[in-house]
1. Would you call residue 209 assigned to a strand (DSSP E or B), touching a Pro at 6+ places or on another chain (Cβ under 7 Å) and outside the structural domain of residue 13 (by TED's automatic domain parsing)?
2. Looking at residue 141, is it touching a Leu at 6+ places or on another chain (Cβ under 8 Å) and under 17 Å from residue 121 (Cβ atoms)?
3. Among residues belonging to the range 35-60 that are in contact (Cβ under 8 Å) with a residue 12 or more places away in the chain and among the basic types (Lys, Arg), point out the one that is surrounded by the fewest Cβ atoms within 10 Å (Cβ to Cβ).
4. Would you check if residue 100 is farther than 26 Å from residue 32 by Cβ, under 17 Å from the mean Cα position of the chain (by Cα) and crowded, with 16+ Cβ neighbours inside 10 Å?
5. Is there a residue being part of a loop (DSSP other than H, G, I, E, B), of a type in the set (Lys, Arg) and out of contact with any strand residue (DSSP E or B) (no Cβ under 9 Å at 6 or more places or on another chain) anywhere in the range 101-116?
6. List pairs: first in the range 79-105 and over 13 Å from residue 60 (Cα atoms), second part of a helix (DSSP H, G or I) and modelled with pLDDT of 95 or more, Cβ under 6 Å, 6+ apart or cross-chain?
7. Being within 27 Å of residue 116 (Cα to Cα), surrounded by fewer than 18 Cβ atoms within 10 Å (Cβ to Cβ) and outside the structural domain of residue 21 (by TED's automatic domain parsing) is true for just one of 204, 166. Which residue is that?
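The values are calculated or read from the model by the stated rules, or taken from the named source; none is laboratory data. These numbers were taken from a predicted model, which means no experiment stands behind them. Glycine also receives a Cβ, built like all others from the backbone with ideal geometry; neighbour counts cover every protein chain displayed.
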Amino acid sequence: MATEVASFYDDLSDNYHFIFENWDKSIEKQAAVLGPLLEKYTDRTAPRVLDCACGIGTQSLGLTMRGHRLVASDFSRASVARAEKEAALRGVKIQFHVADMRDLSPVEEGDFDAVLAADNALPHLLLEKDRRRALQEMAAKLRPGGILLATIRDYDQLIQTRPTIQPPAFYGVRGNRRIVHQVWDWDGDEYDLHLYMSLEMTAQWTVKHYVSRYYALLRDDLSNSLHQAGFTAVLWLEPAKTSFYQPIVIAKK
(Lines give C-alpha, C1' and ligand atoms only; values in the text may rest on other atoms or scores of the structure.)
Protein backbone atom coordinates (compact mmCIF):
# COMPACT_ATOMS: atom_id res chain seq x y z
CA MET A 1 0.00 0.00 0.00
CA ALA A 2 2.85 2.40 0.75
CA THR A 3 4.12 2.00 -2.81
CA GLU A 4 0.66 2.75 -4.18
CA VAL A 5 0.32 5.90 -2.08
CA ALA A 6 3.79 7.09 -3.07
CA SER A 7 2.90 6.54 -6.73
CA PHE A 8 -0.31 8.54 -6.24
CA TYR A 9 1.64 11.55 -4.99
CA ASP A 10 4.50 11.06 -7.45
CA ASP A 11 1.99 11.25 -10.29
CA LEU A 12 0.17 14.19 -8.73
CA SER A 13 3.22 16.26 -7.76
CA ASP A 14 3.37 18.43 -10.91
CA ASN A 15 -0.34 19.28 -10.73
CA TYR A 16 -1.02 19.25 -6.99
CA HIS A 17 -1.26 23.04 -6.80
CA PHE A 18 -4.26 22.94 -9.16
CA ILE A 19 -6.36 21.60 -6.27
CA PHE A 20 -6.31 25.12 -4.84
CA GLU A 21 -7.84 28.21 -6.37
CA ASN A 22 -4.60 30.05 -5.55
CA TRP A 23 -1.87 27.90 -4.06
CA ASP A 24 0.28 30.83 -2.90
CA LYS A 25 -2.65 32.29 -0.99
CA SER A 26 -3.39 28.87 0.49
CA ILE A 27 0.22 28.58 1.66
CA GLU A 28 -0.12 31.94 3.41
CA LYS A 29 -3.57 31.20 4.82
CA GLN A 30 -2.62 27.83 6.26
CA ALA A 31 0.49 29.25 7.90
CA ALA A 32 -1.66 32.01 9.42
CA VAL A 33 -3.74 29.33 11.17
CA LEU A 34 -1.22 26.59 11.91
CA GLY A 35 1.61 28.95 12.84
CA PRO A 36 -0.05 30.52 15.90
CA LEU A 37 -1.23 27.08 17.09
CA LEU A 38 2.30 25.69 16.87
CA GLU A 39 3.64 28.72 18.69
CA LYS A 40 1.00 28.55 21.40
CA TYR A 41 1.22 24.85 22.17
CA THR A 42 5.03 24.62 21.96
CA ASP A 43 5.49 27.91 23.83
CA ARG A 44 8.05 28.92 21.20
CA THR A 45 8.01 31.96 18.94
CA ALA A 46 10.07 30.11 16.32
CA PRO A 47 9.52 26.39 16.95
CA ARG A 48 11.59 23.66 15.32
CA VAL A 49 9.11 21.65 13.30
CA LEU A 50 9.34 18.35 11.45
CA ASP A 51 6.71 18.28 8.69
CA CYS A 52 6.65 14.52 8.13
CA ALA A 53 4.08 14.57 5.30
CA CYS A 54 5.26 17.70 3.51
CA GLY A 55 4.03 16.90 0.00
CA ILE A 56 5.01 19.73 -2.33
CA GLY A 57 5.50 22.07 0.64
CA THR A 58 2.12 23.69 1.28
CA GLN A 59 2.65 23.93 5.04
CA SER A 60 6.46 23.89 5.24
CA LEU A 61 6.87 26.88 2.92
CA GLY A 62 4.42 29.09 4.74
CA LEU A 63 5.66 28.19 8.21
CA THR A 64 9.26 28.84 7.21
CA MET A 65 8.32 32.23 5.81
CA ARG A 66 6.62 32.88 9.14
CA GLY A 67 9.93 32.28 10.91
CA HIS A 68 9.58 28.68 12.01
CA ARG A 69 12.56 26.35 11.60
CA LEU A 70 11.47 23.51 9.34
CA VAL A 71 12.76 20.09 8.43
CA ALA A 72 10.45 18.36 5.97
CA SER A 73 10.00 14.80 4.75
CA ASP A 74 7.68 12.77 2.57
CA PHE A 75 7.81 9.32 1.02
CA SER A 76 7.00 10.65 -2.45
CA ARG A 77 10.33 11.46 -4.09
CA ALA A 78 8.65 13.53 -6.78
CA SER A 79 6.79 15.60 -4.19
CA VAL A 80 9.97 16.25 -2.23
CA ALA A 81 11.75 17.28 -5.43
CA ARG A 82 8.92 19.70 -6.21
CA ALA A 83 8.99 21.09 -2.66
CA GLU A 84 12.75 21.67 -2.93
CA LYS A 85 12.22 23.65 -6.14
CA GLU A 86 9.43 25.71 -4.58
CA ALA A 87 11.59 26.51 -1.56
CA ALA A 88 14.44 27.62 -3.82
CA LEU A 89 12.09 29.84 -5.84
CA ARG A 90 10.98 31.57 -2.63
CA GLY A 91 14.45 31.82 -1.16
CA VAL A 92 13.63 29.85 1.98
CA LYS A 93 15.89 27.24 3.57
CA ILE A 94 14.32 23.89 4.44
CA GLN A 95 16.13 20.60 4.81
CA PHE A 96 14.20 17.91 2.94
CA HIS A 97 14.28 14.12 3.26
CA VAL A 98 12.54 11.19 1.60
CA ALA A 99 11.02 9.18 4.45
CA ASP A 100 7.96 7.09 5.24
CA MET A 101 6.00 8.23 8.32
CA ARG A 102 6.46 4.71 9.67
CA ASP A 103 10.25 5.02 9.51
CA LEU A 104 11.62 8.50 10.05
CA SER A 105 15.21 7.32 10.47
CA PRO A 106 16.33 9.19 7.29
CA VAL A 107 15.64 12.34 9.33
CA GLU A 108 18.71 12.37 11.56
CA GLU A 109 17.61 15.38 13.58
CA GLY A 110 15.61 15.01 16.79
CA ASP A 111 14.28 16.98 19.75
CA PHE A 112 11.79 18.88 17.61
CA ASP A 113 9.30 21.17 19.28
CA ALA A 114 6.57 19.84 16.99
CA VAL A 115 5.85 17.22 14.38
CA LEU A 116 3.29 18.17 11.75
CA ALA A 117 1.18 15.73 9.71
CA ALA A 118 -1.31 17.81 7.73
CA ASP A 119 -3.71 17.35 4.82
CA ASN A 120 -5.30 14.10 6.04
CA ALA A 121 -2.02 12.19 5.83
CA LEU A 122 -2.59 9.67 8.65
CA PRO A 123 -5.66 7.99 7.06
CA HIS A 124 -3.44 6.79 4.21
CA LEU A 125 -2.25 4.20 6.74
CA LEU A 126 -4.97 1.60 6.48
CA LEU A 127 -3.80 -0.71 9.27
CA GLU A 128 -3.86 0.17 12.95
CA LYS A 129 -0.38 -1.29 13.45
CA ASP A 130 0.99 1.06 10.78
CA ARG A 131 -0.69 4.08 12.34
CA ARG A 132 0.66 3.10 15.76
CA ARG A 133 4.16 2.67 14.33
CA ALA A 134 3.99 6.06 12.60
CA LEU A 135 2.86 7.79 15.78
CA GLN A 136 5.68 6.14 17.71
CA GLU A 137 8.16 7.38 15.11
CA MET A 138 6.76 10.90 15.42
CA ALA A 139 6.92 10.78 19.21
CA ALA A 140 10.56 9.68 19.04
CA LYS A 141 11.42 12.84 17.09
CA LEU A 142 10.00 15.17 19.74
CA ARG A 143 11.64 16.76 22.73
CA PRO A 144 9.98 16.09 26.08
CA GLY A 145 6.85 18.25 26.10
CA GLY A 146 6.83 18.56 22.32
CA ILE A 147 3.61 18.24 20.35
CA LEU A 148 2.17 16.45 17.38
CA LEU A 149 -0.23 18.52 15.28
CA ALA A 150 -2.25 16.68 12.65
CA THR A 151 -5.16 17.71 10.46
CA ILE A 152 -7.71 15.12 9.39
CA ARG A 153 -11.09 14.91 7.72
CA ASP A 154 -14.10 14.71 10.06
CA TYR A 155 -14.68 10.99 9.58
CA ASP A 156 -17.04 10.80 12.55
CA GLN A 157 -19.48 12.71 10.35
CA LEU A 158 -18.46 11.32 6.97
CA ILE A 159 -18.89 7.69 8.01
CA GLN A 160 -22.54 8.43 8.75
CA THR A 161 -23.33 9.66 5.25
CA ARG A 162 -20.58 8.02 3.20
CA PRO A 163 -20.58 10.70 0.48
CA THR A 164 -19.81 9.48 -3.01
CA ILE A 165 -18.79 12.80 -4.57
CA GLN A 166 -17.17 16.04 -3.52
CA PRO A 167 -18.74 18.93 -5.45
CA PRO A 168 -16.72 20.26 -8.39
CA ALA A 169 -14.69 23.43 -7.96
CA PHE A 170 -14.31 25.69 -11.00
CA TYR A 171 -11.27 27.97 -11.18
CA GLY A 172 -9.60 30.30 -13.63
CA VAL A 173 -10.65 32.38 -16.61
CA ARG A 174 -11.47 31.40 -20.17
CA GLY A 175 -8.46 29.84 -21.86
CA ASN A 176 -6.94 28.79 -18.53
CA ARG A 177 -9.75 27.13 -16.58
CA ARG A 178 -9.90 23.97 -14.53
CA ILE A 179 -12.51 21.83 -12.84
CA VAL A 180 -11.50 19.77 -9.80
CA HIS A 181 -13.73 17.15 -8.19
CA GLN A 182 -13.58 13.87 -6.30
CA VAL A 183 -15.50 10.58 -6.42
CA TRP A 184 -15.39 8.31 -3.36
CA ASP A 185 -15.98 4.54 -3.65
CA TRP A 186 -16.66 3.16 -0.17
CA ASP A 187 -15.58 -0.30 0.95
CA GLY A 188 -16.50 -0.76 4.60
CA ASP A 189 -14.43 1.67 6.65
CA GLU A 190 -12.17 2.43 3.68
CA TYR A 191 -12.74 4.26 0.42
CA ASP A 192 -10.97 4.85 -2.86
CA LEU A 193 -10.67 8.54 -3.59
CA HIS A 194 -10.73 9.37 -7.30
CA LEU A 195 -9.38 12.85 -7.96
CA TYR A 196 -10.25 14.33 -11.34
CA MET A 197 -8.73 17.47 -12.83
CA SER A 198 -10.12 18.84 -16.08
CA LEU A 199 -7.55 21.33 -17.35
CA GLU A 200 -8.05 23.80 -20.20
CA MET A 201 -4.75 24.12 -22.03
CA THR A 202 -4.12 25.69 -25.46
CA ALA A 203 -7.83 25.64 -26.36
CA GLN A 204 -8.17 21.96 -25.42
CA TRP A 205 -9.35 20.20 -22.29
CA THR A 206 -7.24 17.48 -20.68
CA VAL A 207 -8.55 15.23 -17.92
CA LYS A 208 -6.20 13.92 -15.23
CA HIS A 209 -7.25 11.06 -12.96
CA TYR A 210 -5.54 10.03 -9.71
CA VAL A 211 -6.70 7.43 -7.19
CA SER A 212 -5.68 6.50 -3.66
CA ARG A 213 -7.25 4.62 -0.73
CA TYR A 214 -8.02 6.05 2.72
CA TYR A 215 -9.22 4.67 6.04
CA ALA A 216 -12.08 6.52 7.75
CA LEU A 217 -10.15 7.18 10.96
CA LEU A 218 -12.48 8.06 13.82
CA ARG A 219 -11.45 10.51 16.53
CA ASP A 220 -11.66 8.05 19.42
CA ASP A 221 -9.55 5.55 17.51
CA LEU A 222 -6.88 8.12 16.73
CA SER A 223 -6.96 9.47 20.29
CA ASN A 224 -6.48 5.95 21.66
CA SER A 225 -3.58 5.33 19.28
CA LEU A 226 -2.00 8.60 20.36
CA HIS A 227 -2.19 7.60 24.02
CA GLN A 228 -0.71 4.19 23.22
CA ALA A 229 2.18 5.90 21.43
CA GLY A 230 2.96 7.91 24.57
CA PHE A 231 1.11 11.14 23.85
CA THR A 232 -1.01 12.88 26.48
CA ALA A 233 -3.51 15.73 26.67
CA VAL A 234 -5.07 15.05 23.29
CA LEU A 235 -7.01 18.10 22.10
CA TRP A 236 -9.37 18.38 19.11
CA LEU A 237 -10.00 21.79 17.56
CA GLU A 238 -12.98 22.33 15.27
CA PRO A 239 -12.93 24.26 11.99
CA ALA A 240 -15.48 26.69 13.43
CA LYS A 241 -12.91 27.69 16.04
CA THR A 242 -9.74 27.66 13.95
CA SER A 243 -11.08 28.61 10.47
CA PHE A 244 -8.98 25.72 9.12
CA TYR A 245 -10.62 23.49 6.53
CA GLN A 246 -10.15 20.29 8.56
CA PRO A 247 -10.36 19.38 12.25
CA ILE A 248 -7.02 19.67 14.01
CA VAL A 249 -5.71 17.33 16.72
CA ILE A 250 -2.89 18.34 19.03
CA ALA A 251 -1.21 15.83 21.33
CA LYS A 252 1.58 16.47 23.82
CA LYS A 253 4.44 14.07 24.41
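1. no
2. Details: touching a Leu at 6+ places or on another chain (Cβ under 8 Å): yes; under 17 Å from residue 121 (Cβ atoms): yes.
For residue 141, the condition - touching a Leu at 6+ places or on another chain (Cβ under 8 Å) and under 17 Å from residue 121 (Cβ atoms) - is met.
3. Filtering first and then ranking leaves 44.
4. Spelling it out, residue 100 is indeed farther than 26 Å from residue 32 by Cβ, under 17 Å from the mean Cα position of the chain (by Cα) and crowded, with 16+ Cβ neighbours inside 10 Å.
5. Yes, some residue in the range 101-116 is part of a loop (DSSP other than H, G, I, E, B), of a type in the set (Lys, Arg) and out of contact with any strand residue (DSSP E or B) (no Cβ under 9 Å at 6 or more places or on another chain).
6. What qualifies is 98/77; 98/80; 101/134; 102/130; 102/133; 102/134; 104/137.
7. One residue alone meets the criteria, 166.
Quick grid of which residues meet (1) part of a loop (DSSP other than H, G, I, E, B); (2) closer than 25 Å to residue 180 by Cβ:
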residue	(1), (2)
27	no, yes
33	no, yes
39	no, no
46	yes, no
50	no, no
65	no, no
97	no, no
